[in-house]
1. Please work out if Val118 is more than 20 Å from Ile147 (Cβ to Cβ) and under 13 Å from the mean Cα position of the chain (by Cα).
2. Select from the stretch 146-161 the residues that are at pLDDT below 80 and under 21 Å from the mean Cα position of the chain (by Cα) and list them in ascending order.
3. Would you tally the residues in the stretch 99-113 being over 18 Å from Leu188 (Cα atoms) and either part of a strand (DSSP E or B) or in the same structural domain as Thr37 (by TED's automatic domain parsing) (or both)?
4. If you scan the stretch 50-68, which residues turn out to be more than 15 Å from the chain's Cα centre (by Cα) and either polar (S, T, N, Q) or at pLDDT 95 or above (or both)?
5. Condition check: assigned to a loop (DSSP other than H, G, I, E, B) and either of a type in the set (Ser, Thr, Tyr) or free of Cβ contacts under 8 Å to residues at least 12 places away in the same chain (or both). Does Glu192 satisfy that?
6. Can you tell me how many residues in the stretch 113-135 are surrounded by fewer than 16 Cβ atoms within 10 Å (Cβ to Cβ), over 25 Å from Tyr196 (Cα atoms) and touching a residue at least 24 places away in the same chain (Cβ under 8 Å)?
Amino acid sequence: MGTIAYPRNIYSYIKKGHIISNFTKKIFSTSTYYSNTSYYKAVLGQYVNYASYLDIYKGTIQLSSLQTDISVQPDVLGADARNVIAKHGKPEFIFNEKDLSIYVYKWKFNGLKTRCEVHLYKNKAFLVNYIYNQLDISERDYIIKSITQKYLDKYVQEVDLVNSKISDRNNNVLFIDDYLLGLKVTYLSNCESDWYEAMTADVNTRRTRHDARVRTDERRFFNKI
């Protein structure tokens with residue numbers, strides 16, 4: 001059976017259409033990349049001020065503590081960047097600001113989409129967020145029940161995890177917050193880790209400088225009026 005040759009003008013049209021299709025895909029792919037980049041920068045920019053992390057820790061102090069024999073994120077908390085990548089692979093996005101780096105991953109577990117953020121200070125992971133958006137009641141209950149069963153098997157029917165924190169033997173903690181229409185599960189290194197003291201010192205130094213500038217500006221204003 002012979003093949004039918006397309007007229008040259010039809011072939012050219014198909015070829016151009018193919019080129020345009022690929023070009024369009026490239027444009028949308030690039031636009032999506034820049035859109036994600038802008039979004040991540042906006043969302044993660046809040047952490048540039050280390051006071052955000054100190055507030056997170058202070059918030060855990062108010063929560064009742066539940067002890068667990070299961071280590072909280074043992075292969076990530078305290079790990080350096082190389083080990084984080086060895087465990088989780090190449091991040092979808094990396095946010096960098098001086099001594100702070102945040103690795104962003106997007107995964108899907110058992111039908112549940114999550115954004116994972118691994119926060120590193122001076123190349124050491126000290127905080128991990130798992131953010132689940134747009135959850136219905138059954139999905140929300142499933143996540144909370146799964147976490148409770150893993151870390152607090154004997155408390156499954158008794159504990160209110162939303163108002164509590166789970167602490168392991170190293171005083172690393174796990175706690176849950178409402179996040180838009182979903183949940184944010186946070187794993188945090190203990191305050192005896194390097195990040196806490198260093199960030200506290202940095203925040204205090206910035207505050208002292210700010211107060212000094214305010215006093216200077218007040219004196220200049222007073223002298224001019």
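1. On the way: more than 20 Å from Ile147 (Cβ to Cβ): no; under 13 Å from the mean Cα position of the chain (by Cα): yes.
In short, no.
2. Selection gives nothing.
3. Pass one, the stretch 99-113, residues over 18 Å from Leu188 (Cα atoms): 106-113.
Imposing the further condition that a residue be either part of a strand (DSSP E or B) or in the same structural domain as Thr37 (by TED's automatic domain parsing) (or both) reduces the set to 106-109, 112-113.
The qualifying residues number 6.
4. Thr60, Gln62, Ser64, Ser65, Gln67, Thr68
5. Details: assigned to a loop (DSSP other than H, G, I, E, B): yes; either of a type in the set (Ser, Thr, Tyr) or free of Cβ contacts under 8 Å to residues at least 12 places away in the same chain (or both): no.
Here the answer is no, as Glu192 does not meet what is asked.
6. Initially, the stretch 113-135 is screened for residues surrounded by fewer than 16 Cβ atoms within 10 Å (Cβ to Cβ), giving 113, 122-123, 133-134.
Pick out the ones that are also over 25 Å from Tyr196 (Cα atoms) and you get 113, 133-134.
Next, from what is left, pick out any that are touching a residue at least 24 places away in the same chain (Cβ under 8 Å): 133-134.
Selection size over the stretch 113-135: 2.
The values are calculated or read from the model by the stated rules, or taken from the named source; none is laboratory data. All values reported here derive from a predicted model rather than from experimental measurement. Note that we place each Cβ from the backbone using ideal geometry, even for glycine, and neighbour counts take in every protein chain shown.
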